[in-house]
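**Student:** Submitted below is the structure of interest, expressed as structure tokens.
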Amino acid sequence: MTAEDRQVLTCGKKIIVKLGSMVLAAPGGGVDQNLIDRLAQEMADLSRQGRVFVIVSSGAILMGMQEMGRRQRPRTVQEKQALAAIGQNRLMRAYMESFSRHGIKVGQVLLTREGLDNRPRFVMARNTLETLLHMGVIPVINENDTVAVDEIRFGDNDFLASMVVNLADADLLILLTNTRGLFSRDPRLGEGKLVEVVEDVDEAVLGMAGGAGAAGTGGMSSKVLAAKRVAHMGVPTVIADGRTPGAIKSILQGEPVGTLFLPSPEKLASRKHWIAYSANPKGTLVIDDGAVKALTVGKKSLLPSGILEVKGRFENGALVRCVNREGREIARGVTEFSSGQIRMVRGRHSKDIELILGSCPGEEIIHRDDLVILKGKGSGAFVTDPVSRKD
């Protein structure tokens, strides 16, 4: 790790700490209260040095299992939702007890992917976090498992943590797990070497990550993908062993702990990061070759004349995918028109919009400020654009 790499870590003030089920799980069931006590002590000491923390925590289902005397992890969505409802209060009590010893209050924040897909709700959630931090309260964030379905079935808190980096405008993401970091080979498949620094999450790096762990849902692969998303906000990520005493303090001192993922030189603004990664597209626009060139080379807005087909039904303000004739995604953005309106004006000149619709929501279907371009085929990364409206 170079001196420049260490500086990336030591300069961070607002830190997101994600605790997964694998590191939180106690041998006898539930979460490890001693581990939470130790982390609370560590964060309290660092808070007095001017650091600000937001916790993203798994563990509600583990606590529900302990409360109900269950050893085997539930398989159905309904069981998981029920156990999360039972365990969430017990999980928060564990954090409250640990942090109260240091005079620090914690606040529960439950989020869902569906809620953050809505831009106004996203902004409201961000304002809530800012207010809690201003009050000196440490937010403890988890998915709202009792009402979320897809999040439990397919999601993970690594993804949620990457979204919280954007919500909180954080400087560093720390993913604490039960391994030392990313290895050059999945430790379950044989001996590998710890990767200390990752400059870019490419296919080779993704190939080093394994699948989900026994107690958790994410595994190393979801952590690496979270680091990739966060890198495009210009924020570094560290994956480290949360069971190692003083891990957070060592990371913030720039010591070689775990795996450091460096921030990307191509930084997306908060709104564009939300467009690229946080929200689920509600529809698809098929665009012609001229529109593809205008978006990718000319850095233009999407006009109705370049739209060939509209797929799905959505209202104005929805996030949509823009694909070429072959179906490859070129960009995604927030449309100023509904799907019905776009079907009426597709292939027409902008000057015809008012004549056709009777009103003119705008000359562009998607304004350049609300558009993010896919970096390359299959890359899963988006390019930046220096022009961006404020929220």
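The values are calculated or read from the model by the stated rules, or taken from the named source; none is laboratory data. If you're wondering where the values come from, they're calculated on a predicted model, not measured in any experiment. Here the Cβ is made from the backbone with ideal geometry for all residues, glycine too, and neighbour counts use every protein chain on show.
**Student:** The conditions are (1) of a type in the set (S, T, N, Q); (2) assigned to a strand (DSSP E or B); (3) within 27 Å of Met208 (Cα to Cα), and Thr284 fails exactly one of them. Which is it?
**Tutor:** Of the numbered conditions (1) of a type in the set (S, T, N, Q); (2) assigned to a strand (DSSP E or B); (3) within 27 Å of Met208 (Cα to Cα), the odd one out for Thr284 is (3).
**Student:** Another one. Just to be sure before I move on: is Val310 buried (at least 17 other Cβ atoms within 10 Å of the Cβ) and either β-branched (Val, Ile, Thr) or within 25 Å of the chain's Cα centre (by Cα) (or both) in the structure I sent?
**Tutor:** Spelling it out, Val310 is indeed buried (at least 17 other Cβ atoms within 10 Å of the Cβ) and either β-branched (Val, Ile, Thr) or within 25 Å of the chain's Cα centre (by Cα) (or both).
**Student:** Here's something else I'd like to know. What number goes with the only condition from (1) buried (at least 18 other Cβ atoms within 10 Å of the Cβ); (2) within 25 Å of the chain's Cα centre (by Cα); (3) not in a strand (DSSP E or B) that Val54 does not pass?
**Tutor:** Unmet for Val54, out of (1) buried (at least 18 other Cβ atoms within 10 Å of the Cβ); (2) within 25 Å of the chain's Cα centre (by Cα); (3) not in a strand (DSSP E or B): (3).
**Student:** Return the residue satisfying two criteria in turn: it lies in region 318-374 and is part of a helix (DSSP H, G or I) and among the polar types (S, T, N, Q), and of such residues it is farthest from Glu114 (Cα to Cα).
**Tutor:** Checking each candidate, the answer is Ser350.
**Student:** Which residues, counting only those in region 98-113, are in contact (Cβ under 8 Å) with a residue 60 or more places away in the chain and either of a type in the set (Asp, Glu) or within 19 Å of Glu67 (Cβ to Cβ) (or both)?
**Tutor:** Within region 98-113, Ser98 is the sole residue that qualifies.
**Student:** From the list Gln88, Gln41, Gln49, Gln72, pick out the single residue that is modelled with pLDDT under 95 and either closer than 22 Å to Val109 by Cα or part of a helix (DSSP H, G or I) (or both).
**Tutor:** The match here is Gln88.
**Student:** State whether the residues of region 1-23 include one that is among the acidic types (Asp, Glu), assigned to a helix (DSSP H, G or I) and modelled with pLDDT under 90. Walk me through how you get there before you give the answer.
**Tutor:** Pass one, region 1-23, residues among the acidic types (Asp, Glu): 4-5.
From what is left, the residues that are assigned to a helix (DSSP H, G or I) are 4-5.
Then drop every residue that is not modelled with pLDDT under 90, which leaves 4-5.
Checked against the condition, which is being among the acidic types (Asp, Glu), assigned to a helix (DSSP H, G or I) and modelled with pLDDT under 90, region 1-23 yields at least one hit.
**Student:** Among the numbered criteria (1) surrounded by fewer than 18 Cβ atoms within 10 Å (Cβ to Cβ); (2) in contact with a helix residue (DSSP H, G or I) (Cβ under 8 Å, 6 or more places away or on another chain); (3) assigned by TED's automatic domain parsing to the domain that holds Arg113; (4) of a type outside the set (A, V, I, L, M), which one does Gly290 miss?
**Tutor:** Result: Gly290 passes all but (3).
**Student:** A further question follows. For Ile239, only one of the following conditions fails: (1) modelled with pLDDT of 85 or more; (2) in the same structural domain as Val198 (by TED's automatic domain parsing); (3) over 12 Å from Val198 (Cβ atoms). What is its number?
**Tutor:** Every condition holds for Ile239 apart from (3).
**Student:** A further question follows. Counting only residues that are closer than 20 Å to Glu143 by Cα and either in a loop (DSSP other than H, G, I, E, B) or out of contact with any Pro (no Cβ under 9 Å at 6 or more places or on another chain) (or both), how many does region 57-69 have?
**Tutor:** 8
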